[in-house]
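Below you'll find the structure, written out as structure tokens, and then a few comments.
The values are calculated or read from the model by the stated rules, or taken from the named source; none is laboratory data. Just so we're clear, the structure is a prediction, and the values are computed from it rather than from any experiment. Methodologically, a virtual Cβ is constructed for each residue, glycine included, from the backbone with ideal geometry; neighbour enumeration extends over all protein chains shown.
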Amino acid sequence: MTASGLREFLADPAGDGRPADPALAKLIEAISDSCRTISYLVSRGALADVLGAAGTGNIQGEEQKKLDVLANEEMVAMARASGVVAAAASEEEEHAVLLSPAAPYLLLFDPLDGSSNVDVNVSIGTIFSVLPSPGEVPPGNIDAVFLQPGRRQIAAGYALYGPQSLLVLSLGSGVVTFTLDPPTGQWVRTAGPARVPEATREFAINMSNMRHWDKPVQDYVAECLAGTGGARGKDFNMRWIASMVADVHRILCRGGVFLYPWDRREPGKPGKLRLMYEGNPMSFLIEQAGGRAFDGCGDILEAVPTGLHQRTSVMLGAKEEVDRLEVLHRSQAAPRT
């Protein structure tokens, strides 16, 4: 593969000689600029006094890190300046903000996923999702225009701030990866199209919560732990980074399955992760790479949101494993208590 930049990719994203919509291309380039800025802030860390708590909380009731606040401000400013975003919604804010009402796109983002890992220098990232705007957005209930199923996403992706800063992107015709070249500030295409193998021997889950899970998830993990002597007939490895961008990126690179299921500690919530900011964009990427995404009831991308900060159970990755999880859930369907 000949190395090329993000702009060259946007000139022919599907490989059919047709460029991306100019407004979408402008938005993706603007997002990449913001991710470059956030990458720089992350790399500076304590040198720029951006580590530690900000002394504030977000709409989720979680303590914000200084970098959460800075990344959120950067993404909102970028969306406003782009001129192609009708309204933007952030995981950090209670309501969406109206920007350019007649513009063609809606932007959702988690400005700094995995920020609990900031202070210990573990990979974190920015997740984004692009939806079509239904027309001129009225100044009243702005949140309502975002309540579209994930299947309607036009683009989704994430930036991963790790040993290298990566931009992983799909416009609906596969998943490609760009690496930030620090001396030039350019995003250079270095991988893709990504393909998630249908079979795997690796799963990612927080095992400390096992006693709280529904029985289908407990049974699935028990099968994996049983190894060659169990029903699956093969040994599994377990990985868990507690940074969704890092866990999903590993799956896109070498396969596996990621689970963050419902559990009994908060029985009134369908899950921990946010459908609009995490579940939908990551499911879009995984499906574009040949994998599956399931929430315990159906495909995540088919879910019709009822609120901007709706939670969801997430099981995504290798098709064979997600199919197995679906079989277990269908055969053991019972009320959650």
For Gly279, indicate whether it is closer than 19 Å to His95 by Cα and not assigned by TED's automatic domain parsing to the domain that holds Pro132. yes
Can you name the residue in region 119-137 that is in contact with a Ser or Thr (Cβ under 7 Å, 6 or more places away or on another chain) and not in a strand (DSSP E or B) and is also surrounded by the most Cβ atoms within 10 Å (Cβ to Cβ) among such residues? Ser123
Mind listing whichever residues of region 184-206 are over 13 Å from Pro261 (Cα atoms), among the aliphatic types (A, V, I, L, M) and part of a loop (DSSP other than H, G, I, E, B)? Ala194, Val196, Ala199
Please go through region 150-176 and give me each residue that is touching a residue at least 40 places away in the same chain (Cβ under 8 Å) and under 23 Å from Leu99 (Cβ atoms), ordered by number. Gly150, Gln153, Ile154, Ala155, Ala156, Gly157, Tyr158, Ala159, Leu167, Leu169, Leu171
Go through region 265-320 residue by residue and tally those that are aliphatic (A, V, I, L, M) and farther than 25 Å from Val145 by Cβ. 5
Tally, over region 144-167, of residues that are part of a strand (DSSP E or B) and farther than 26 Å from Gly114 by Cβ: 0
Exception for Gly185 within (1) touching a residue at least 40 places away in the same chain (Cβ under 8 Å); (2) surrounded by 15 or more Cβ atoms within 10 Å (Cβ to Cβ) falls at (2)
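Each row is one residue, and each column tells you yes or no for (1) free of Cβ contacts under 8 Å to residues at least 12 places away in the same chain; (2) touching a Cys at 6+ places or on another chain (Cβ under 9 Å); (3) among the small types (Gly, Ala, Ser).
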{"residue": "Leu273", "(1), (2), (3)": "no, no, no"}
{"residue": "Tyr277", "(1), (2), (3)": "no, no, no"}
{"residue": "Phe284", "(1), (2), (3)": "no, no, no"}
{"residue": "Gly296", "(1), (2), (3)": "no, no, yes"}
{"residue": "Val304", "(1), (2), (3)": "no, no, no"}
{"residue": "Leu316", "(1), (2), (3)": "no, no, no"}
{"residue": "Asp323", "(1), (2), (3)": "no, no, no"}
{"residue": "Val327", "(1), (2), (3)": "yes, no, no"}
Within region 54-94, of all residues that are among the polar types (S, T, N, Q) and part of a strand (DSSP E or B), the one modelled with the lowest pLDDT is Thr56
Given the condition among the polar types (S, T, N, Q), at pLDDT 95 or above and over 26 Å from the mean Cα position of the chain (by Cα), answer yes or no: does some residue in region 220-237 qualify? yes
Modelled with pLDDT of 95 or more and closer than 14 Å to Leu316 by Cα, is that true of Arg250? yes
Taking region 207-219 and the residues there that are in contact with a strand residue (DSSP E or B) (Cβ under 8 Å, 6 or more places away or on another chain) and assigned to a helix (DSSP H, G or I), the one that is surrounded by the fewest Cβ atoms within 10 Å (Cβ to Cβ) would be Met207
